[in-house]
Amino acid sequence: MQRQSSDQELAESFTVASDEMALVVDKSGAGRLGFALMLKLFQLDGRFPASLTDLPEIIVRHVARQLDVREKSLGRYDVGGRSGRLHRGEIRKFTGFREFTDKDARVLVKWLTSQVMKNDDNAAALTEKGCQRLRELKIEPPAPEPLERLVRSALHGAEQRLFTGVDSQIPA
């Protein structure tokens, strides 16, 4: 039963659709496989992976078979290289997402601060809420470290707002 479920999840999450296939046909073997994996992972997680080297072999094999490329070609694909950067732009355009900006950071911190005040969330829960909010807005989230700094800033802002509120109610 677990094997069937796993096969079904693999098919649902990592099958390249015909409109997606049109994006990969003009790419080389390594580029084709890297692009397709980045696309499927972005659709699944709402963010790009830092690397493709840690992907389970079954996923790489599944996608490689669809594209008629060798699994080993993935070793020549550099997520952070020139092709990887170009592919991220294509994927953003295809999915309707855009890159995270400084203005988005300010808006996100303000929104996260309001969430703290409503729900008394911890950093992990707040990070997940922030990622979900960015997915809803179709904004690619920042890397984990900058996102963590934004969450800490929101927690600090909420704490400062609380202290200021309490302080203003204490008689001189």
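Suppose R0 equals 22 Å; then what is the FRET efficiency for residue 148 and residue 54 from their Cβ-Cβ distance, rounded to the nearest 0.05? Provide the component values of the computation, followed by the final result.
On the way: r = 20 Å, r/R0 = 0.93.
Using R0 = 22 Å, I get an efficiency of 0.60.
In deg cm²/dmol, rounded to 500, what helix-only [θ] at 222 nm does the chain give when every DSSP H run of at least 4 residues adds -39500 (n - 2.57) and the total is split over its residues? Don't skip to the end; give the middle numbers.
Details: 8 runs with 120 residues, N = 172.
My calculation for the chain gives -23000 deg cm²/dmol from helical runs alone.
Run down the lysines and flag those whose C-alpha is under 24 Å from the C-alpha of residue 110, throwing out any fewer than 8 positions away in its chain.
The reachable lysines, counting only those whose Cα sits under 24 Å from residue 110, are 118, 129, 138.
Report in % the part of the accessible area of the chain that belongs to carbon and sulfur, leaving out ligands and nucleic acids; probe 1.4 Å.
Working: 5490 of 10690 Å².
After summing per-atom areas, the C and S share lands at 51 percent.
Which cross-chain or sequence-distant (5 or more) residues have an amide H under 5 Å from the amide H of residue 98, H modelled 1.01 Å from N in plane?
Those lying under 5 Å, H to H, from residue 98 are 139, 140.
Hey, what's the stretch 12-57 come to in accessible area per residue, 1.4 Å probe, Å²? Walk me through the numbers on the way to the answer.
Numbers: 2110 Å² over 46 residues.
Solvent-accessible surface per residue comes out at 46 Å².
Which of the GluC sites (Glu not before Pro) found in the stretch 83-142 are loop residues per DSSP with 12 or fewer other Cβ atoms within 10 Å of their Cβ? Walk me through the numbers on the way to the answer.
Numbers: sites: 90, 99, 128, 136; in loops: 99.
Within the stretch 83-142, the qualifying GluC sites (Glu not before Pro) (loop, at most 12 other Cβ atoms within 10 Å) are 99.
If one takes the longest principal axis of the Cα atoms in the chain, at what angle in degrees, from 0 to 90 and to the nearest 10, does the Cα axis of helix 144-169 lie?
20
Could you give the length gained by full extension between residue 161 and residue 125, i.e. 0.36 nm per residue of separation minus their alpha carbon distance, to one decimal place?
On the way: separation 36, 0.36 × 36 = 12.96 nm, distance 1.98 nm.
Roughly 11.0 nm would be gained on extension.
The values are calculated or read from the model by the stated rules, or taken from the named source; none is laboratory data. Quick caveat: nothing in here was measured; it's all calculated off a predicted structure. Note: ideal-geometry Cβ built from the backbone for every residue, glycine included; neighbour counts use all protein chains shown. We work out accessible area using only protein heavy atoms, side chains counted, and drop any ligands, DNA or RNA first. Shrake-Rupley method; radii C 1.70, N 1.55, O 1.52, S 1.80 Å.
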